[in-house]
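The values are calculated or read from the model by the stated rules, or taken from the named source; none is laboratory data. Note that the coordinates shown come from a computational prediction; the quantities given were computed from them, not determined experimentally. Every residue, glycine among them, receives a Cβ derived from its backbone with ideal geometry; neighbour counts consider all protein chains shown. Side chains included, ligands, DNA and RNA excluded: accessible areas come from the protein's heavy atoms. Shrake-Rupley method; radii C 1.70, N 1.55, O 1.52, S 1.80 Å.
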Amino acid sequence: MTHDGARRDWRLRLILVGLGLPVALLLSVPVGRRQHVGEDFHVFWQAGRNFATGHPLYHDSLPGARPLKYPPFAAMVFTPLALFPLPVAGVLMSLANLGLWVAGLWLTREILMRTGPPGRVRRAVVLGFILSAQYFLDNFHHVQMNEVTLVLALLGIKAYLDGREAAAAAAFVVATAIKITPIFFVAWLMIRGRRRAVVAVVALGLACVVVPLLLRGPSRGVSELREYYHVFLEKHQHGEVASYTAGQNIAALVSRMTVAPEDSGGVSYRWAPTSNRTAELLYRGLWCAVLLLFLGRLVWLRRRQAPVTVVEPAMVFATALLLSPITFTTHLVPLLYIFAAVLSVPRGRLGLAARALGALIGTGMLVCGVSGRDVVGSALYLAVGGYSICAWTLLALFGLTLVWSGYTSTSCAPVRDL
């Protein structure tokens, strides 16, 4: 690009930012003003305030407040939010989420340009944007933090492709310390990366545990780590599927199809009835199968020194969403990358059976993308969630990306030699 072209490009960006900021502020102010105790964002704001003032993180919540389900490091990260009144902090976070949406789109495009067929990237990103838009809008309206971890994961992928493994480790570890789900990208980096990546992950991981522990005091810090485990992680570890009444992960999928709802007046989506014990065994077996297939494929790719293809990060995202302790619709923002990556693979390279499977998966992607309550109505929206259409689609996408990640034909060129 010439100097004049670069200047025109920057002028255009400044004009777009200048036009976009007032619109973004106009959209964000009403969202921030309606924040109160009991809203999702209040949890983050209160956690930051509790961390800064020394109040408990996981008990003695205000009446009507939701419990914190994030690690102590996350509460430390949320501390700047407490510098502002709750509504003002809500406005600022809403603005940040709009900016993070743009950043997620740009990073997805950059990664796809590096790892996939360039001629299909623009269309794939546009379709990924459309089919995942409702989940970003959900994050915006509920002032959630899922876009923060998404962008950190995408930054980590880009850094890895650029050969900056320490930076990739920092992005993945910080994302995991904020919310446990990105730990699968930590595993990806440690298996696919070099020794320096492993060293960086271990050092940064210890820092993310030790720093908030020291700031809160060693005794209290250790106590809060234990409390975080017992309050949030323990029941998921033991596979208590009866506790899953929503979400689109493996646990919720198994729970709804096998176990009757605890509320006798609730709508049942059970079509494979069984006992709670059998359901828990099914959940654990399916969970372990996905994990072992994921880790096994990464080891296989490492041993073959295979280049990173466009669908490999999509496989990691799909694994994280399926195996996460909680995967509500607000957590599905990684579908932006998953959908775009899968849609960027040329159809001409697929056989007849693969095309038929692709059509079925494509239908699931379409249903997930347009099944917002405001678009299809409450009854159809609840049916799509109740019958776990998105979870089944994610499971199929996991299988598809698992297979495709072993073929260099999904990549335009070896981007990263390991």
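A compact table of results
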| item | result |
| --- | --- |
| Any chance Ser405 is touching a Ser or Thr at 6+ places or on another chain (Cβ under 7 Å) and either closer than 24 Å to Pro118 by Cα or surrounded by fewer than 17 Cβ atoms within 10 Å (Cβ to Cβ) (or both) | yes |
| Val415 part of a loop (DSSP other than H, G, I, E, B), modelled with pLDDT of 90 or more, among the β-branched types (Val, Ile, Thr) and surrounded by 15 or more Cβ atoms within 10 Å (Cβ to Cβ) | no |
| Checking Thr176 against (1) closer than 20 Å to Leu68 by Cβ; (2) surrounded by 15 or more Cβ atoms within 10 Å (Cβ to Cβ); (3) in contact (Cβ under 8 Å) with a residue 60 or more places away in the chain, the condition it does not meet | (3) |
| Answer from Val375, Val310, Val342 - the residue that is hydrophobic (A, V, I, L, M, F, W, C), over 24 Å from Phe41 (Cα atoms) and out of contact with any Ser or Thr (no Cβ under 8 Å at 6 or more places or on another chain) | Val375 |
| Filtered residues of the range 357-394 (kept if open to solvent by less than 20 Å² (accessible area, probe 1.4 Å), within 14 Å of Gly247 (Cα to Cα) and out of contact with any Lys or Arg (no Cβ under 7 Å at 6 or more places or on another chain)) | Cys368, Val384, Cys390, Ala391, Thr393, Leu394 |
| Any hit, the range 121-142, residues being open to solvent by less than 40 Å² (accessible area, probe 1.4 Å), out of contact with any strand residue (DSSP E or B) (no Cβ under 9 Å at 6 or more places or on another chain) and among the polar types (S, T, N, Q) | yes |
| Tyr70 closer than 26 Å to Ala133 by Cα, outside any helix (DSSP H, G or I) and not charged (D, E, K, R) | yes |
| Close pairs from the range 192-209: first open to solvent by 60 Å² or more (accessible area, probe 1.4 Å), partner in a helix (DSSP H, G or I) and among the hydroxyl-bearing types (Ser, Thr, Tyr), Cβ under 9 Å, at least 6 apart | none |
| Verdict on Ala318 being modelled with pLDDT of 95 or more and either open to solvent by less than 10 Å² (accessible area, probe 1.4 Å) or farther than 28 Å from Gly156 by Cβ (or both) | yes |
| When residues of the range 107-120 are limited to those that are more than 15 Å from the chain's Cα centre (by Cα) and within 30 Å of Phe41 (Cβ to Cβ), the one most open to solvent (accessible area, probe 1.4 Å) | Arg109 |
| Any pair with Cβ under 6 angstrom, 6 or more apart, that starts in the range 267-281 at a residue that is farther than 29 Å from Tyr381 by Cβ and ends at one that is open to solvent by 90 Å² or more (accessible area, probe 1.4 Å) and not in a loop (DSSP other than H, G, I, E, B) | none |
